[in-house]
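J.: Before anything else, here's the structure in question.
The values are calculated or read from the model by the stated rules, or taken from the named source; none is laboratory data. Everything numeric here is computed off the predicted structure, so don't read it as measured data. For neighbour counting, all protein chains shown are included, and Cβ atoms are generated from backbone atoms with ideal geometry for every residue, glycine included. Keep in mind that these areas ignore ligands, DNA and RNA; they rest on the heavy atoms of the full protein, side chains included. Shrake-Rupley method; radii C 1.70, N 1.55, O 1.52, S 1.80 Å.
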There are 2 protein chains.
Amino acid sequence: MNDLVERIRNIVGPAGLISSPQEFAPYATDWRKRYRGAPLAVVRPASTSEVAAVVRACAESRTGVVPQGGNTGLCGAATPDESGSQIVVNLSRMSRVRGIDTHNNTMTVEAGCVLANLQKAAEEAGRLFPLSLAAEGSCEIGGNLSTNAGGTAVLRYGNTRDLVLGLEVVLPTGEIWDGLRGLRKDNTGYDLKQLFVGAEGTLGVITAAVLKLFPMPKSRATAVVALENPEGALGLLERSLEEGGERLTGFELFSDFCLSLVLKHFKDAAAPFARRFPHYVLMELSDTRSGDAVAGVAENILGAALEGKAILDAAIAQSDAQAKAFWKLRDSISEAQAHEGPNIKHDVSIPISQIPEFIRTTDAELLRAHPGVRMVTFGHVGDGNLHYNVSAPEGVAPDVFVRHAAAINRVVHDSVARFRGSISAEHGLGQLKREEIVRYKSPLELDLMRKIKHVLDPDGIMNPGKVL
Amino acid sequence: MNDLVERIRNIVGPAGLISSPQEFAPYATDWRKRYRGAPLAVVRPASTSEVAAVVRACAESRTGVVPQGGNTGLCGAATPDESGSQIVVNLSRMSRVRGIDTHNNTMTVEAGCVLANLQKAAEEAGRLFPLSLAAEGSCEIGGNLSTNAGGTAVLRYGNTRDLVLGLEVVLPTGEIWDGLRGLRKDNTGYDLKQLFVGAEGTLGVITAAVLKLFPMPKSRATAVVALENPEGALGLLERSLEEGGERLTGFELFSDFCLSLVLKHFKDAAAPFARRFPHYVLMELSDTRSGDAVAGVAENILGAALEGKAILDAAIAQSDAQAKAFWKLRDSISEAQAHEGPNIKHDVSIPISQIPEFIRTTDAELLRAHPGVRMVTFGHVGDGNLHYNVSAPEGVAPDVFVRHAAAINRVVHDSVARFRGSISAEHGLGQLKREEIVRYKSPLELDLMRKIKHVLDPDGIMNPGKVL
């Protein structure tokens, strides 16, 4: 057995080491099965000091370390390469909530905590931890932090970066940086935690965090609104913010084609209106006050918009079940699109004001270059984040369509760049977009990133081949 | 004339250069007149490319560059040293609002914009730019960004860091980093802007920023609440957040001794209640909805608290004039303390839950070591930020009291450290706390900061002698 593996076994014990390829297969592949790696071993440390000792051992032998949480990432950041030389450090055994401080509205948690468990722990303490995303039943907070995860509550509560006050990080040297501060104000030098949030494990291993908690919403209003075009969505967003302010928790746009796919592939899905409209917005308001005041705010906003002909129709959910059914329409789009056939996904953001023009010009350009493609455009418009997905023309086989992937990506991402947007709004770079980003980021910015990487990790052992 | 000064004159023209000591005196001293420097020259560039050319010239001659905005900082970060060799780069002439995008809720502004002018520009566009602090009539946004300024709206809107989406920065090489993105989601690598926010000009010169705008509040409720002790303030904060959520815009604690100083030194100040109480909280709720609903929320919160004997008394302002009078009490504390005699200020933060215990133990320790000192304790309790100021015992002369300053700082800051707090919550380090911080930050964290500094500014030309 390899010396390093033996040394690691001495650190973590047999329960913390998986060194047989049969057993470590699930840790060597990403969730979408796009990447299959071959690690030297998968380590599952039980404490920060074990993580530190493992990283130190890897540093001394210049061995690549691949940090991994729930392994639900979409860009391959947590998958080792195929060299058989890298060590996957899976944090899942570090899943303790170290403490909840209700007066400070914070909780201190370990990296391996599953997001849904943290939501529940907060709720049991009478608080809201607002981060919420599709993978919440299995993704872990260390991964959420490392990818600066977005999700459905960004409009009101921000990205994961906005939800963290302090971090504990094992550095590429194996040293432990204790930045677990629970302070809302601290201006004593560079805010180092910002470096590790969103770095996808390339600068160190996040082992614990102090997270912000919020008051629990006690009432909610959910509506689907019918619109002529995306411009109408911007107008409605503006009205909703002006009147509802921070009550506005969700604002999701989807086209009628998205709805048609959901209705086609989910037999129990029901259209929100008797007739069909070109576009829809799913909006949600919530309030810490109980009662129906928030429903009144929604009625005011939508009533005035209808009267001013700014929207075509609106349906406010009359029950929790109906609210869930509305959300289900939105949440089923990705899966419906998968049933429909091959597609190419883009997770982009642009300034909110540019969304209508972006959709119009990108649609036109794509249809010119790739006649028959079908745009499945939806997303968190309140955050400027579109999932601009492109389905194959009807009847085109996956192996044929996939040949156009690079060209389609080029059209979409070049368009994003013209609008000063981002080609990865919430999913990160990982392996998937590591080369693509070189086309869109300035050489100066890439150089700054490389300098930061080099000074913190001069031997390049932290998650090699990711991001940079 | 010095070659460098001549070269700079060629870049910025005579209107952009101040090289006579008589004229540059106001730029060579800080606002509190604690530091008096002697620069080689003061440069007032009119554009980003001029800033870049000036910094390049300084880089080539390894000359120190001291960025300066409105020069209202409290820690001497914008004051040059006395060597006569440094160049002050004052950004005040770069005061253009480059654009406001109401649909994106952003504005793009130059570093030299005075904060109050930005508040006004936002208001004219029907939006709120929430950053607000005492110096807003003369401080500039570049300085606010470089010090990550706090102020009175942090509880709801966050620190300056939370208000910025993109930056334009002149690097220590003289290169311009264009990070002026107006995106709420962008996960394409390290979030470089975070490095420059709060770096007090030691990593580069911020020349422009994209700032977030918010819906305008249209109603407001302001109250003064009487409390037995700081524990009562925590209980009231919890109730207010649970019921009022993000309506809670202000939550300021002050002791009866603070009030007594204000009443003593400001003849037109009126006590909020007929009798006196040990502690007070000034709280403010605001809402994007007009009308008196927000006053109802305040009445609910305070009514329930009175009924449960969680508070001793409460007065909700019945007019704008009364609300202003309540705020005036809070805002006059610093000045009243100055009238009262010599004092030593501390701008600290600790976890909110620890505030009562921090006040109790620090008071006791100080009184043991320095009998007769009078604590003037007030601050943004909703952010965990206390201005824990210490007034001299009655009758003690300034020159006598000042000899105890270092010992008093030691007691207070050691106590802060025991509570895992920060010795500079919102004012930064500058020159003032540059040595003090070495005692409280871990060697590892200081080492990380030095590495970041060195890799971005290997010759150490950016604001030498500040922060690190």
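J.: As an exercise: evaluate A:Leu180 against (1) more than 7 Å from chain B (Cβ to nearest Cβ); (2) under 19 Å from the mean Cα position of the chain (by Cα) and give the number of the one condition it does not meet.
T.: Among (1) more than 7 Å from chain B (Cβ to nearest Cβ); (2) under 19 Å from the mean Cα position of the chain (by Cα), the lone unmet condition for A:Leu180 is (2).
J.: Is the range A:435-443 home to any residue that is more than 10 Å from chain B (Cβ to nearest Cβ) and either touching a residue at least 12 places away in the same chain (Cβ under 8 Å) or under 30 Å from B:Phe214 (Cβ atoms) (or both)?
T.: So far as the range A:435-443 goes, yes, one or more of its residues are more than 10 Å from chain B (Cβ to nearest Cβ) and either touching a residue at least 12 places away in the same chain (Cβ under 8 Å) or under 30 Å from B:Phe214 (Cβ atoms) (or both).
J.: Go through the range B:173-190 and count every residue that is touching a helix residue (DSSP H, G or I) at 6+ places or on another chain (Cβ under 8 Å), closer than 14 Å to A:Ile437 by Cα and not β-branched (Val, Ile, Thr).
T.: Matching residues across the range B:173-190 total 2.
J.: Being in contact (Cβ under 8 Å) with a residue 60 or more places away in the chain, more than 13 Å from the chain's Cα centre (by Cα) and at negative phi narrows it down to one of A:Leu163, A:Leu155, so name that one.
T.: Numbers: A:Leu163 fails: in contact (Cβ under 8 Å) with a residue 60 or more places away in the chain.
Result: A:Leu155 is the single residue among A:Leu163, A:Leu155 that is in contact (Cβ under 8 Å) with a residue 60 or more places away in the chain, more than 13 Å from the chain's Cα centre (by Cα) and at negative phi.
J.: Take A:His387 and decide whether it is in contact with a Gly (Cβ under 6 Å, 6 or more places away or on another chain) and within 14 Å of chain B (Cβ to nearest Cβ).
T.: yes
J.: Could you please find all residues in the range A:12-38 being outside any loop (DSSP other than H, G, I, E, B) and surrounded by 17 or more Cβ atoms within 10 Å (Cβ to Cβ)?
T.: Scanning the range A:12-38 gives A:Val12, A:Gly16, A:Leu17, A:Ile18, A:Phe24, A:Tyr27, A:Thr29.
J.: Determine which member of the set A:Val396, A:Val381 is open to solvent by less than 20 Å² (accessible area, probe 1.4 Å), modelled with pLDDT under 95 and not polar (S, T, N, Q).
T.: Being open to solvent by less than 20 Å² (accessible area, probe 1.4 Å), modelled with pLDDT under 95 and not polar (S, T, N, Q) holds for just one of A:Val396, A:Val381, which is A:Val381.
J.: Please report, ordered by residue number, the strands (runs of 3 or more DSSP E) entirely within the range A:127-226 with at least 1 residues that are open to solvent by 10 Å² or more (accessible area, probe 1.4 Å) and of a type in the set (Lys, Arg).
T.: Details: elements: A:164-170, A:176-179, A:205-212.
Qualifying strands (runs of 3 or more DSSP E): A:205-212.
J.: Out of curiosity, is A:Thr108 within 14 Å of chain B (Cβ to nearest Cβ) and surrounded by fewer than 23 Cβ atoms within 10 Å (Cβ to Cβ)?
T.: Taking the combined requirement at face value, the residue satisfies it.
J.: Can I ask one more? Search the range A:261-303 for residues being farther than 22 Å from B:Arg289 by Cβ and over 30 Å from the mean Cα position of the chain (by Cα), and hand back the single one that is least open to solvent (accessible area, probe 1.4 Å).
T.: So, considering only residues that are farther than 22 Å from B:Arg289 by Cβ and over 30 Å from the mean Cα position of the chain (by Cα), the one least open to solvent (accessible area, probe 1.4 Å) is A:Phe273.
J.: Another one. All but one of (1) within 23 Å of B:Asp101 (Cβ to Cβ); (2) open to solvent by less than 50 Å² (accessible area, probe 1.4 Å); (3) more than 14 Å from chain B (Cβ to nearest Cβ) hold for A:Arg360; state the number of the condition that does not hold.
T.: A:Arg360 satisfies every listed condition except (2).
J.: Just to be sure, is B:Gly99 under 29 Å from A:Glu238 (Cα atoms), surrounded by fewer than 17 Cβ atoms within 10 Å (Cβ to Cβ) and out of contact with any Lys or Arg (no Cβ under 6 Å at 6 or more places or on another chain)?
T.: Yes; evaluated as a whole, the condition is true for this residue.
J.: Out of all the residues in the range A:39-57, is one or more closer than 23 Å to A:Asn148 by Cβ and open to solvent by 10 Å² or more (accessible area, probe 1.4 Å)?
T.: Yes; the residues of the range A:39-57 include at least one that is closer than 23 Å to A:Asn148 by Cβ and open to solvent by 10 Å² or more (accessible area, probe 1.4 Å).
J.: Step by step: first the residues of the range B:58-91, then only those that are under 13 Å from B:Gly430 (Cβ atoms) and not in a loop (DSSP other than H, G, I, E, B), then the one that is nearest to the chain's Cα centre (by Cα). Which residue is that?
T.: Per the stated criteria, the residue is B:Gln68.
J.: Hey, another quick one. When B:Glu242 is evaluated against the numbered criteria (1) more than 10 Å from every other protein chain (Cβ to nearest Cβ); (2) surrounded by fewer than 22 Cβ atoms within 10 Å (Cβ to Cβ), which criterion, by number, is the only one it fails?
T.: Unmet condition: (1).
J.: Which residues, taken from the range A:245-257, are facing another protein chain (nearest Cβ under 7 Å) and either among the aromatic types (Phe, Trp, Tyr) or surrounded by fewer than 23 Cβ atoms within 10 Å (Cβ to Cβ) (or both)?
T.: The one that is facing another protein chain (nearest Cβ under 7 Å) and either among the aromatic types (Phe, Trp, Tyr) or surrounded by fewer than 23 Cβ atoms within 10 Å (Cβ to Cβ) (or both): A:Glu246.
J.: Could you please find all residues in the range A:111-126 being surrounded by fewer than 22 Cβ atoms within 10 Å (Cβ to Cβ) and either in contact with a helix residue (DSSP H, G or I) (Cβ under 7 Å, 6 or more places away or on another chain) or within 14 Å of another protein chain (Cβ to nearest Cβ) (or both)? Give the steps one after another, and end with the answer.
T.: Residues of the range A:111-126 surrounded by fewer than 22 Cβ atoms within 10 Å (Cβ to Cβ): A:114, A:116-117, A:119-121, A:123-126.
Matches in the range A:111-126: A:Glu123, A:Ala125, A:Gly126.
J.: All but one of (1) open to solvent by 10 Å² or more (accessible area, probe 1.4 Å); (2) within 14 Å of chain A (Cβ to nearest Cβ) hold for B:Ser319; state the number of the condition that does not hold.
T.: (2)
Let's see how each residue does on (1) at pLDDT below 95; (2) of a type outside the set (Val, Ile, Thr); (3) out of contact with any helix residue (DSSP H, G or I) (no Cβ under 7 Å at 6 or more places or on another chain); (4) open to solvent by 40 Å² or more (accessible area, probe 1.4 Å):
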| position | (1), (2), (3), (4) |
| --- | --- |
| A:Phe419 | no, yes, no, no |
| A:Glu426 | yes, yes, yes, no |
| A:Leu429 | no, yes, no, no |
| A:Val438 | no, no, no, yes |
| A:Ser442 | no, yes, yes, yes |
| A:Asp447 | no, yes, yes, yes |
| A:Val455 | no, no, no, no |
| A:Ile461 | no, no, no, no |
| A:Lys466 | no, yes, yes, no |
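J.: Looking at A:Leu429, A:Leu448, which one is of a type in the set (A, V, I, L, M, F, W, C), more than 30 Å from A:Arg36 (Cα to Cα) and within 10 Å of chain B (Cβ to nearest Cβ)?
T.: Values: A:Leu429 fails: more than 30 Å from A:Arg36 (Cα to Cα).
The conditions single out A:Leu448.
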